Amino acid sequence: MDLIDLRRIESMTVIFKRLILVATALAVLSACSTMKQTRGYVPDEKLVNAIRVDVDNKQSVESLLGNPTMKPTFDDSNWYYYSKKTEQWAFFKEKVSHLDILAITFDDENYVSDIRHYTIADNRIIDPVSKKTVTHGKDVNFLAELFGNVGRFGSAGGGPEAGN
C-alpha cells in the first residue's frame, strides 16, 4: 500500500468515528422526553355544585363524590379532593403544571359548612427544614471558652466524697 491509501483509510476512520459519536448523541437525546403524570381525583363540577351548605352531610357528600383523597388524621371535619398534573424532563426536578383542590368543611353535626376551591395560584411553597438549629444561651467566642473556667474550680474539699 502506498501513502495515499493509508491517508484515505485514516480519514475514513476519523469520519466513521465522528458519525458514530453523532448517532450516539442523537439516540441519547431522543430518549429524553418529557414525562407527564396526573395524580389524584377532583369530581365533576356538576356534582360539586349539587352539594348544598347546611343541607348535605358526610354521607350524602360521600355518595355524590366518593371517598375523599385525603382526610386529616386528627380532624375529620375537613375533606380534600385534589388532582395535580406534573411534567418532568429527564432527571430534572418535576414541575407542577396544574393543581386543583376541593376542600369541604363539616360542622359539629356533620353537615357541610364550607366548600372551597384552590388552584396552583393559591399554592405556597414552604421549607420546614432550616439549615440552622436555634439555640438559646450565651454566645461565646474561642477565648471565652478557653479561659471561661479559670478560677471556677478550687481546692475547697479535696477529693471525692461519698454520694458524688
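The values are calculated or read from the model by the stated rules, or taken from the named source; none is laboratory data. Everything numeric in this text was worked out from a predicted model, so none of it was measured. Because the Cβ atoms are built from the backbone with ideal geometry, glycine has one as well, and the counts that use them run over all protein chains shown.
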Restricting to region 1-60, what's the tally of residues that are among the hydrophobic types (A, V, I, L, M, F, W, C), closer than 30 Å to Ile104 by Cα and under 31 Å from the mean Cα position of the chain (by Cα)? 3
Among the residues of region 53-101, write down those that are of a type in the set (D, E, K, R), under 25 Å from Ser113 (Cα atoms) and loosely packed, with under 11 Cβ neighbours inside 10 Å. Asp54, Asp75
Answer yes or no: is there a residue in region 11-24 that is surrounded by 10 or more Cβ atoms within 10 Å (Cβ to Cβ), among the basic types (Lys, Arg) and under 22 Å from Ser113 (Cβ atoms). no
Go through (1) within 26 Å of Tyr41 (Cβ to Cβ); (2) without any contact (Cβ under 8 Å) to a residue 40 or more places away in the chain and name the single condition Gln88 misses. (2)
In region 39-52, anything in contact with a Ser or Thr (Cβ under 9 Å, 6 or more places away or on another chain) and surrounded by fewer than 11 Cβ atoms within 10 Å (Cβ to Cβ) is listed as Arg39
Assess whether Leu21 counts as being farther than 30 Å from Ala90 by Cβ and modelled with pLDDT of 90 or more. no
Log entry, pairs with first residue in region 139-164 being among the charged types (D, E, K, R) and modelled with pLDDT under 60, second being surrounded by 10 or more Cβ atoms within 10 Å (Cβ to Cβ) and not in a loop (DSSP other than H, G, I, E, B), beta carbons closer than 6 Å, six or more apart or on different chains, reads none
